[in-house]
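Trainee: The structure is given below, and queries will be raised subsequently.
The values are calculated or read from the model by the stated rules, or taken from the named source; none is laboratory data. No experiment lies behind these values; they were computed from the predicted model shown. All Cβ positions, even for glycine, are placed from backbone atoms using ideal geometry, and neighbour counts span all protein chains on display. For accessibility, only protein heavy atoms count, side chains too; no ligands or nucleic acids. Shrake-Rupley method; radii C 1.70, N 1.55, O 1.52, S 1.80 Å.
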Amino acid sequence: MQTTTSKNTHFRYLLTALLIPVLTLIGSANAAQKYSPNDVYAGVEYANSLIDRILTANGVTEINIPVSREAGAKPMHVYELHVSALTELYAYALEEERRPPPLAVSTPITYTPTDVYYLTQLVINNLEEVYRDSGGYIDFSMNSHSGKSPADVYQELFELYYRLNLLNGKSKVSPNEVYSHIFRAKEDLQFSLLTLSKHLADSDEIKKRLLVTAIYGMHPDGSTMTPLEAGKKPGDVIAKSITIRGKLNLLRKRNKLPEIPRPKLEEFGAAKPIDAFLQTQFIIAELNLLKIPMDISSTTNSAKAVSGKTPSDVYQEMKHIEYMIDRLIQAL
């Protein structure tokens, strides 16, 4: 694995790569300009209008809009979903042999609406190019809004992400996509545990072993995680993710951070993979924010395409994440 120093260098490189195109896009905008959730909402709503027209031109007219149950979404969650939205746009550009947008990275930063606004502008600029290149004429503009919260933005962005999946020819979010993102979260937590073990004093050998063995799904006493359980459904995955988020809240409380409200399982009804996908985005965002008080500066890996995955595979990775969080709670 990379050292913390190399991770920091990699982070600075990626952040620079992201900021250069952003600064180009905003042109002569004042560097001190701050934006609110109202501005972000207006931008995402406008992006939805653009992609609606693009999808209609491609013959996609019937869209079952998903619903977010996340009333407590914060800027960090909106940022993380933007990262995934830009990844979808990147994949579309490569498939269509277009110039792809810059890819954003998931980092341990306390995000603000202004940070999110810049990512929204990247999405908008890319979709405007696609729309114009397909013969579209932009005869509409952004609406003005007031009183919008990050949770309002999150729902609008969730709709945009779903439409971007349709643009890439995916009729729905599959367990493969959910797995690729929960695997990102697992890798991130594994590196965090390894980093924390190196921060401990040599006299804390027991704690070091507790952390390192958890990375591999093992305990110093020789026991291991339970094996994969067949037959799991998206609802089981969501139930496990809600449990994980409760334990992440415990870690937040220990680090004097406010708890993040969780939806109730019964709110989901007949859960679908896209609902489980949204939970992965929350877990990734919250793991990143918890790195700050733990003095960990690593970025989260990008999602890698997989195939043949089922909700049971996703559930198993969730179990490993919970296993590591339990060990983290025990060791700290």
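Trainee: Out of VAL78, VAL83, VAL60, VAL44, report the one residue that is among the hydrophobic types (A, V, I, L, M, F, W, C), surrounded by fewer than 18 Cβ atoms within 10 Å (Cβ to Cβ) and either in a helix (DSSP H, G or I) or touching a helix residue (DSSP H, G or I) at 6+ places or on another chain (Cβ under 7 Å) (or both).
Mentor: Working: VAL78 fails: surrounded by fewer than 18 Cβ atoms within 10 Å (Cβ to Cβ); VAL83 fails: surrounded by fewer than 18 Cβ atoms within 10 Å (Cβ to Cβ); VAL44 fails: surrounded by fewer than 18 Cβ atoms within 10 Å (Cβ to Cβ).
Of the residues listed, the single one that is among the hydrophobic types (A, V, I, L, M, F, W, C), surrounded by fewer than 18 Cβ atoms within 10 Å (Cβ to Cβ) and either in a helix (DSSP H, G or I) or touching a helix residue (DSSP H, G or I) at 6+ places or on another chain (Cβ under 7 Å) (or both) is VAL60.
Trainee: All but one of (1) out of contact with any Asp or Glu (no Cβ under 9 Å at 6 or more places or on another chain); (2) closer than 20 Å to ILE284 by Cα hold for GLN121; state the number of the condition that does not hold.
Mentor: (2) is the only condition that GLN121 fails.
Trainee: Within the stretch 153-174, does at least one residue satisfy the condition of being open to solvent by 30 Å² or more (accessible area, probe 1.4 Å), in contact (Cβ under 8 Å) with a residue 24 or more places away in the chain and more than 30 Å from ASP313 (Cα to Cα)?
Mentor: no
Trainee: Also: Report, by residue number, each residue of the stretch 272-298 that is open to solvent by 10 Å² or more (accessible area, probe 1.4 Å), part of a loop (DSSP other than H, G, I, E, B) and closer than 20 Å to LEU103 by Cβ.
Mentor: Listed by number, the list holds a single entry, SER297.
Trainee: To continue, here is another question. Just checking, how many residues over the stretch 219-243 are over 25 Å from SER312 (Cα atoms) and open to solvent by less than 70 Å² (accessible area, probe 1.4 Å)? Step through it out loud before you land on a result.
Mentor: First, the residues of the stretch 219-243 that are over 25 Å from SER312 (Cα atoms): 220-221.
Retained after the next criterion (residues that are open to solvent by less than 70 Å² (accessible area, probe 1.4 Å)): 220.
Final tally of qualifying residues: 1.
Trainee: Then there's this: Step by step: first the residues of the stretch 199-218, then only those that are modelled with pLDDT under 95 and exposed (fewer than 15 other Cβ atoms within 10 Å of the Cβ), then the one that is farthest from the chain's Cα centre (by Cα). Which residue is that?
Mentor: Among them, the one singled out is SER203.
Trainee: Something else: Can you pull out the helices (runs of 4 or more DSSP H) entirely within the stretch 144-242 that have at least 2 residues that are closer than 27 Å to PRO113 by Cβ? Quick ask: steps written out before the conclusion?
Mentor: Numbers: elements: 150-167, 175-199, 205-215.
Answer list for the stretch 144-242: 150-167, 175-199.
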